[in-house]
1. Out of Gly277, Gly269, report the one residue that is modelled with pLDDT under 95, more than 19 Å from Gly174 (Cα to Cα) and not basic (Lys, Arg).
2. Taking Thr225, is it of a type in the set (Ser, Thr, Tyr), under 17 Å from Phe180 (Cβ atoms), touching a residue at least 40 places away in the same chain (Cβ under 8 Å) and not in a loop (DSSP other than H, G, I, E, B)?
3. If the Cβ limit is 7 Å and pairs must be 6+ apart or interchain, which residue in region 1-24 that is small (Gly, Ala, Ser) pairs with which residue that is modelled with pLDDT of 95 or more and surrounded by fewer than 16 Cβ atoms within 10 Å (Cβ to Cβ)?
4. If Val276 satisfies every condition in (1) among the β-branched types (Val, Ile, Thr); (2) touching a residue at least 40 places away in the same chain (Cβ under 8 Å); (3) touching an Asp or Glu at 6+ places or on another chain (Cβ under 6 Å) but one, which is the exception?
5. Kindly list the number of the only condition in (1) part of a loop (DSSP other than H, G, I, E, B); (2) modelled with pLDDT of 95 or more; (3) under 17 Å from the mean Cα position of the chain (by Cα) that fails for Pro358.
6. List every residue pair whose Cβ atoms sit under 6 Å apart, with the two residues 6 or more apart in sequence or on different chains, where the first one lies in region 295-307 and is in contact (Cβ under 8 Å) with a residue 24 or more places away in the chain and the second, anywhere, is among the aliphatic types (A, V, I, L, M).
7. From (1) surrounded by fewer than 24 Cβ atoms within 10 Å (Cβ to Cβ); (2) under 26 Å from Cys104 (Cβ atoms); (3) not small (Gly, Ala, Ser), pick out the condition that doesn't hold for Glu8.
8. Taking interchain pairs and intrachain pairs at least six residues apart, which have beta carbon atoms under 8 angstrom, with the first residue in region 29-44 and closer than 16 Å to Gly126 by Cα and buried (at least 16 other Cβ atoms within 10 Å of the Cβ) and the second of a type in the set (Val, Ile, Thr) and at pLDDT 95 or above?
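The values are calculated or read from the model by the stated rules, or taken from the named source; none is laboratory data. Keep in mind that this is a model prediction, so the values were computed, not measured. Note that we place each Cβ from the backbone using ideal geometry, even for glycine, and neighbour counts take in every protein chain shown.
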Amino acid sequence: MICKQDIERLERLYEGCRAYHGELHDHSDSGGTSDGKCPLREWPAKMRALHMDFAAILDHKQIRHMYQPVWEDGLFIPGTEPGTHITDSPAEDKAMHYNILLPCRDQLETLLNRFPEYQFSGGTEGHFKYPDFTRERFCELIDAVRAMGGLFVHPHPRQLMRSNDPTDYWFRDGTGIEVFYISMDSEETRANYALWLDLLAAGKRVWACAGCDLHSDPRDTALTTVYAESRSARSYLSHLSAGDFTCGPVGVRMAVGSTRTGGSCSFRGQKLTVCVGDFHESVSNPAHEYRADILNENGVVLSGPVSSGEDSWFTLETVDCAFYRAEVFDVTRNLLIAVGNPIWNLPNEQAAFFSTLPDA
């Protein structure tokens, strides 16, 4: 039974925040080396028609998209999608793409200059190449992105992997794996979701992300929901970089004690509280039935109906498990529509990396 104190505790943790729905992986037609089909000047109106609050524009091999006249902080999130060969990977030479999202557009030029392998030509019209990295150097890049308050995501991972080893796409905890890809019901999503589950089972602390990546007009088929204090890239990234967001068009707020989604804490003597709400119109249908499942590494531990029109609350006493996370289903369509990121158990203080993540 959820009590008033549980609701108030979670509300305090997200005080001043509201739900924003948007897209974390797309491309525009901004000239140069961009390969999107929709000019950036057309994005704002088309996003408003879809009730999308933000879009991360991640054009390849250049930064000019972020300096177009139409660029507006909060409407757009700055970043890019490079590609890299990992030269000392086992077996075959490993090629991959990766998404870099940053709070401020000027940070990307700083980052590219810090890694001369990109051969960045400099300036707002600057271009860069896809570099070769050793695994160690690639991890230095990930650390640099995170130190800037950015989010590092492996997009369409299962579609690029050259083996069946899920750890092929793991380099650092505190990064993202693109689970919802193109749409929630795509074949790619099913493969990427299975990969993410395998990584969780292997003890990796990575976040489920969503991205459309159709290189076309804005779409609302693979949205992300983030509770943020303001409509700004910096506010979004303060939560995205900590894993405090939902892969999907439904809001999932969760806390163990004072530790929010994406974080780590000791579960001993703590209570888990979950709120499901803020359905985006693309998945909200009063004629449909919806369900939320609360899971740990052993499977579903609590399940119940949720409403697309109001907040639904769950609470339970924690046990000694690896993590808790939440999922939301459209029962009528038999479709997974939201993946809430985990909160991990931290029974000791040896995980120094996660001690730097904000709990609240």
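1. Sole residue among the options that is modelled with pLDDT under 95, more than 19 Å from Gly174 (Cα to Cα) and not basic (Lys, Arg): Gly269.
2. So Thr225 fits the description; yes.
3. Going by the 7 Å Cβ cut-off, the qualifying pairs are Gly16/Glu229.
4. Of everything listed in (1) among the β-branched types (Val, Ile, Thr); (2) touching a residue at least 40 places away in the same chain (Cβ under 8 Å); (3) touching an Asp or Glu at 6+ places or on another chain (Cβ under 6 Å), Val276 misses just condition (3).
5. (2)
6. From region 295-307, the pairs are Glu297/Ala322; Val306/Val276; Val306/Ala292.
7. Of (1) surrounded by fewer than 24 Cβ atoms within 10 Å (Cβ to Cβ); (2) under 26 Å from Cys104 (Cβ atoms); (3) not small (Gly, Ala, Ser), only one is false for Glu8: (2).
8. That search, which allows pairs on different chains as well, returns Ser30/Ile57.
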